[in-house]
Every structure is written in C-alpha cells, then in structure tokens.
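Worksheet: one structure, shown below.
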Amino acid sequence: QKEVEQDPGPLSVPEGAIVSLNCTYSNSAFQYFMWYRQYSRKGPELLMYTYSSGNKEDGRFTAQVDKSSKYISLFIRDSQPSDSATYLCAMYQGAQKLVFGQGTRLTINP
Amino acid sequence: GAVVSQHPSWVICKSGTSVKIECRSLDFQATTMFWYRQFPKQSLMLMATSNEGSKATYEQGVEKDKFLINHASLTLSTLTVTSAHPEDSSFYICSAGHGYGYTFGSGTRLTVV
C-alpha cells in the first residue's frame, strides 16, 4: 500500500464548475500537508500549505485536512481553463522529505 | 518570497558527456535541497537529499557516482549527470524547504542523444 493515494484521473469539468481533488494517506505521523499545481514541463508550484486538521482558504482555493480520517482535499471554485494542470498532494512529518501523491490531471473545458 | 531558480531549463547533450544542473535559493538559505526525477505523466521520484557542507544522501537504486551532487553553499546545490546516456533523458527538478513548505525549481529537461 502506498503511503499516499491519489486518483490520477484524468478529470475533465466545464468552466465555472467546482472541482474536488482528494488524497488519502496511511501514516498518522504526517503533520504538514501541501497541494501543488504543475503545468506541463514546469516545476510544481505551491498552492496551499496547511498544518493539522481544518480548512484553509486562499481566493478560489480551499484546502481541507481531516487527520482522523487521514484524508485531505483541495476545492477549486469557479474553475478556469487556466486551472488545467496536474495537481499533486504532498505531506511530511518534522523535517523529513516530502511524500507525494501520484497527481491528478485536471482539464477545465471552456 | 521563497523562490528557487533552476538552470538550465533544458539541455541536449551527446551520449558520454556530463551535464551540470544548478539550483539556487534566491531569497532564503537552504541547508537542505532535494533532487527529483520525473518521467512523463508520473509523479516526482526523489533521487537524493543534498546537505550543505556534507555528502548527499541518495535514495535506494540511485547511482551516486552517476548523479553527483554538490551543496557548497546555503544557496546553491548542483546535480551533475556524468557520462550521460539516452536512458538518463528525463525531467529533473530541485526543491528547498523553508518555513512554509517546500518550493520547487522550474525543472530541467535533459535529452541525451
């Protein structure tokens, strides 16, 4: 079993839709949770960074962490074609290396 | 803030030659940097952890003599692919940690012909 599971998609939705991306994990020691967006042939760009359970909002993006269920989510409101990318969840404990999900390929159709 | 610059963004080299990739933290100091390799439509695979002033720590299966890492200062780590072969062609990405997570460079696409 992988430490972090993420549905690779692909996921295709119409412009303006609410997008929900999710990851589950098995290591209860993970404390820090991140979402990255990666465009083709580019490095990952940090979107959201959260610590412990709860919600965090930044513009059209909301990150949720449920440590009791070992489940994290990223919601994108009013999705735009420019949001089309691969979204990677990542997490770590202490000062340890990142553990990534497989990434979900998202396409927003105009 | 927390910008990581990676250079070059793409490089083509002949089989048997060596290629050096640079990773710089522009506005923060990074005692630890990470080097990843990414294959098409796959997630990032950690190759090694680069530690300032000491030897890098390589992941299992990564040839340390082929992928030389040097972290001579708090803002610069380099990855040298030695005696490159076509199977080394890939997308290489560095990252550095700071108080708000990890920031990645823009990546280097290496093509060995």
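The values are calculated or read from the model by the stated rules, or taken from the named source; none is laboratory data. Computed from a predicted structure; not experimentally measured. With ideal geometry, Cβ positions are generated from the backbone for all residues, glycine too; neighbour counts draw on all protein chains shown. Accessible surface areas use protein heavy atoms only, side chains included; no ligands, DNA or RNA. Shrake-Rupley method; radii C 1.70, N 1.55, O 1.52, S 1.80 Å.
Name the single residue, out of those in region A:25-50 being hydroxyl-bearing (Ser, Thr, Tyr) and open to solvent by less than 60 Å² (accessible area, probe 1.4 Å), that is farthest from A:Tyr92 (Cα to Cα).
Restricting to residues being hydroxyl-bearing (Ser, Thr, Tyr) and open to solvent by less than 60 Å² (accessible area, probe 1.4 Å), the top hit is A:Tyr36.
Looking at region A:92-110, which of its residues are more than 10 Å from every other protein chain (Cβ to nearest Cβ) and of a type in the set (A, V, I, L, M, F, W, C)?
Residues satisfying the conditions are A:Leu106, A:Ile108.
Test of understanding: among B:Thr108, B:Thr57, which residue is at the interface with chain A (Cβ under 10 Å from one of its Cβ atoms), among the β-branched types (Val, Ile, Thr) and open to solvent by 30 Å² or more (accessible area, probe 1.4 Å)?
Within the list B:Thr108, B:Thr57, the selection yields B:Thr57.
If only one of A:Ser12, A:Ser53, A:Ser79 is modelled with pLDDT of 95 or more, open to solvent by less than 70 Å² (accessible area, probe 1.4 Å) and more than 14 Å from chain B (Cβ to nearest Cβ), which one is it?
A:Ser79 is the lone residue from the list that is modelled with pLDDT of 95 or more, open to solvent by less than 70 Å² (accessible area, probe 1.4 Å) and more than 14 Å from chain B (Cβ to nearest Cβ).
Only one of B:Lys20, B:Lys14 is in contact with a Ser or Thr (Cβ under 6 Å, 6 or more places away or on another chain) and open to solvent by 60 Å² or more (accessible area, probe 1.4 Å). Can you tell me which?
B:Lys20 is the lone residue from the list that is in contact with a Ser or Thr (Cβ under 6 Å, 6 or more places away or on another chain) and open to solvent by 60 Å² or more (accessible area, probe 1.4 Å).
With the requirement that a residue be open to solvent by 40 Å² or more (accessible area, probe 1.4 Å), touching a Gly at 6+ places or on another chain (Cβ under 9 Å) and either more than 14 Å from chain A (Cβ to nearest Cβ) or more than 14 Å from A:Leu46 (Cβ to Cβ) (or both), what does region B:83-105 give you?
B:Ser83, B:His85
Every residue, every condition in (1) modelled with pLDDT under 90; (2) of a type in the set (Phe, Trp, Tyr), yes or no:
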{"site": "B:Ile12", "(1), (2)": "no, no"}
{"site": "B:Gly16", "(1), (2)": "no, no"}
{"site": "B:Leu26", "(1), (2)": "no, no"}
{"site": "B:Tyr36", "(1), (2)": "no, yes"}
{"site": "B:Gln42", "(1), (2)": "yes, no"}
{"site": "B:Ala48", "(1), (2)": "no, no"}
{"site": "B:Gly53", "(1), (2)": "yes, no"}
{"site": "B:Val62", "(1), (2)": "no, no"}
{"site": "B:Leu79", "(1), (2)": "no, no"}
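Which is at the interface with chain A (Cβ under 10 Å from one of its Cβ atoms), buried (at least 17 other Cβ atoms within 10 Å of the Cβ) and closer than 23 Å to B:Val112 by Cα, of B:Phe67, B:Phe34?
Only one candidate passes the filter, namely B:Phe34.
Is there a residue being of a type in the set (Phe, Trp, Tyr), in a strand (DSSP E or B) and in contact (Cβ under 8 Å) with a residue 40 or more places away in the chain anywhere in region A:60-67? So that I can check it myself, show each step before the final result.
Just the residues of region A:60-67 that are of a type in the set (Phe, Trp, Tyr), to begin with: A:61.
Pick out the ones that are also in a strand (DSSP E or B) and you get A:61.
Filter once more, so that each one left must be in contact (Cβ under 8 Å) with a residue 40 or more places away in the chain: none.
No: region A:60-67 contains no residue that is of a type in the set (Phe, Trp, Tyr), in a strand (DSSP E or B) and in contact (Cβ under 8 Å) with a residue 40 or more places away in the chain.
Which of the residues that make up region B:37-54 are closer than 29 Å to A:Glu5 by Cα and either in contact with a Leu (Cβ under 8 Å, 6 or more places away or on another chain) or open to solvent by less than 30 Å² (accessible area, probe 1.4 Å) (or both)?
B:Arg37, B:Gln38, B:Ser43, B:Leu44, B:Leu46, B:Met47, B:Ala48, B:Thr49, B:Ser50
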